[in-house]
Structure formats: structure tokens, C-alpha cells
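> Provided herewith is a single structure, encoded as C-alpha cells, for subsequent inquiry.
The values are calculated or read from the model by the stated rules, or taken from the named source; none is laboratory data. Computed from a prediction, not measured in an experiment: that's the story for all the values here. Neighbour counts are summed over all protein chains in view; Cβ atoms, including those assigned to glycine, are modelled from backbone coordinates with ideal geometry. Just so you know, the surface numbers come from the protein's heavy atoms only, side chains and all, with ligands and any DNA or RNA stripped out. Shrake-Rupley method; radii C 1.70, N 1.55, O 1.52, S 1.80 Å.
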Amino acid sequence: MAIYDHKYGDLAYFRVFRAWGGKEYQEYVRIKRSRKAAYAKAKQIDEKLAKEQRAYHIEQAKSPAYHIRSDGKIRGLRRIQVKRKGRAPTEVFELRINVPWEDEIRRTTLSISVHGEAEAFRQAIEKIGQWYGFEQDSKVMAAMMACFNAYRGPQEKHDNVAELALKKAREEISHLTDGLVKSFKRFTA
């Protein structure tokens, strides 16, 4: 609610204020005999402005330009590496989406190691579409799917857990054999 007490000299007002699209919208309701009646009128004005603000945000959210930044990345989606104590680092797509007409921020992560790069990206886009209420075949969803190259990792990265485990096992065996060879050389020297 955007209703504030406002005084101009000896005159009392309720100031109703909202802003969207780079513009400010405000109206003043004079408090005369009944503060309660003036507040009710201010509340009606605020509800009208809130509807207009919501309609603006919904219209904005329907355009691909709202979701895709100039660098080709999607608003609220990033690729990060998660490091936890006692675990191998893993890459994930992190979603932190602030749907303008909702109160809470939506969050989740999708593991690239588990799903693979392309599948995790597809699931992330589907989740964004679900939160905004987009159809799967909408032009916004198609535009976001076209941003895949901005999130691609280096080609040498492995796509799933099995390949990562195999690579780690090979490295450990290599380190063990190197250590055994060095120990044997020291022992025979």
C-alpha cells in the first residue's frame, strides 16, 4: 500500500503514490471532517493505481526484451560453481526470479552434473516460464532458449556425474601409481 500522511501548512492530506515504467503517479486526498472517509477514498485510488501497475508489469513480462539482457543472458538465471565442504565442486544453474506481481522471490538450482548442460538449461527455462505463466510455444520461451550459448561452459567439461567420477578415479589412480613408482625408485636407489 502506498498511502502516506502529508501536510501542507495547516492542511492535512493523504498522498497516494505508485511508480512504474519510469513514471511516478500520485494523487492527494484532502482530510476534511472524517479521516476515515478520506482514507477510504485514498485506498480506492491506490487500488486503481495498483491494477494499472500490475497490468503494466504483466505486459512488460510478455516481451523477450524484459527477460534477456544486452549480453545475451537471462534475467535471474546464472551458472555458478557450488563448493561444499567434503564434496566435489559442482556446477549448477541458479534461478532467482522476482516475478513483479508476486511478493516472494522464487529460487531453485538445477545441477548441470546430474542433468547435463543442455537439459539443465531447458529445465531452467521451463521453470522460468512456469513461474511467469508462459506457454511452452510462446516467443518469450523461444527467445530464452536461444540464449543457450551464453551459458555454455568450456567444451572440456563433462556433462554428467558418471564421467566426472571416472575422471576423478583416473586421476587418483595416476597419483597412486606415481607415488608408488617414486617410492620404489627411492627404495632401490
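> When 1/r is averaged over all different Cα pairs and the result inverted, which Kirkwood radius in Å belongs to the stretch 14-88?
16.2 Å
> Largest first and in whole Å, give the semi-axes of the chain's equivalent ellipsoid, each being the square root of 5 times a Cα gyration tensor eigenvalue.
For the chain, the semi-axes come out at 57, 21, 12 Å.
> Let me ask another. To the nearest 10 degrees, how steeply does helix 117-132 sit against the main Cα axis of the chain, on a 0 to 90 scale?
10 degrees
> If you fit an axis through the alpha-carbon atoms of helix 161-188 and take the longest principal axis of the Cα set of the chain, what angle between them do you get, 0 to 90°, nearest 10?
40 degrees
> Report ³J(HN,Hα) in whole Hz for each residue of the stretch 15-20, in order, from the Karplus equation J = 6.51 cos²θ - 1.76 cosθ + 1.60 where θ = phi - 60°; Gly and Pro get x.
These are the phi-based 3J(HN,Hα) values: 9, 9, 9, 8, 9, 7 Hz.
> Moving to a separate point now. Once you list every other residue whose beta carbon is under 14 Å from the beta carbon of LYS73, what net charge do they have if Lys and Arg are +1 and Asp and Glu are -1?
Summing Lys/Arg as +1 and Asp/Glu as -1 gives +4.
> Within the stretch 71-86, whose backbone N sits under 12 Å from a point 7 Å along Cα→Cβ of GLU104?
Within reach of a label on GLU104, which here means backbone N under 12 Å from a point 7 Å along Cα→Cβ, the stretch 71-86 contributes nothing.
> If you don't mind, there's one more thing I want to ask. Just want the answer: with Cβ charges of +1 for Lys and Arg and -1 for Asp and Glu, which residue in GLN26, LEU11, ILE112 is farthest toward the dipole's positive end in the stretch 1-138?
Positive-end residue among those listed: LEU11.
> Spelling out what I want: for every residue of the stretch 30-36, take phi, set θ = phi - 60°, compute 6.51 cos²θ - 1.76 cosθ + 1.60 (Karplus), and round to whole Hz; glycine and proline get x.
6, 8, 9, 7, 10, 5, 5
> Using only helices, what value at 222 nm comes out for the chain when you add -39,500 (n - 2.57) per DSSP H run of length 4 or more and divide by the total residues, to the nearest 500 deg cm²/dmol?
For the chain, the value works out to -15000 deg cm²/dmol.
> Going through the stretch 32-141, which GluC sites (Glu not before Pro) have at most 16 other Cβ atoms within 10 Å and a DSSP loop state?
Within the stretch 32-141, the qualifying GluC sites (Glu not before Pro) (loop, at most 16 other Cβ atoms within 10 Å) are GLU102, GLU104, GLU135.
> Write down the accessible area per residue of the stretch 10-120 in Å², having rolled a 1.4 Å probe over the full set of protein chains.
With all protein chains present, the stretch 10-120 gives 68 Å² per residue.
> Which entries of LYS23/LYS62; LYS85/LYS127; LYS23/LYS51; LYS7/LYS51; LYS85/LYS167; LYS62/LYS127 have Cα-Cα distances beyond 18 Å here?
Listed pairs above 18 Å: LYS23/LYS62; LYS85/LYS127; LYS7/LYS51; LYS85/LYS167.
> Using a Cα-Cα cut-off of under 15 Å, which aspartates and glutamates could be cross-linked to LYS83, ignoring same-chain neighbours fewer than 8 residues away?
Counting by Cα, and skipping residues close in sequence, LYS83 has these aspartates and glutamates nearby: GLU91, GLU94.
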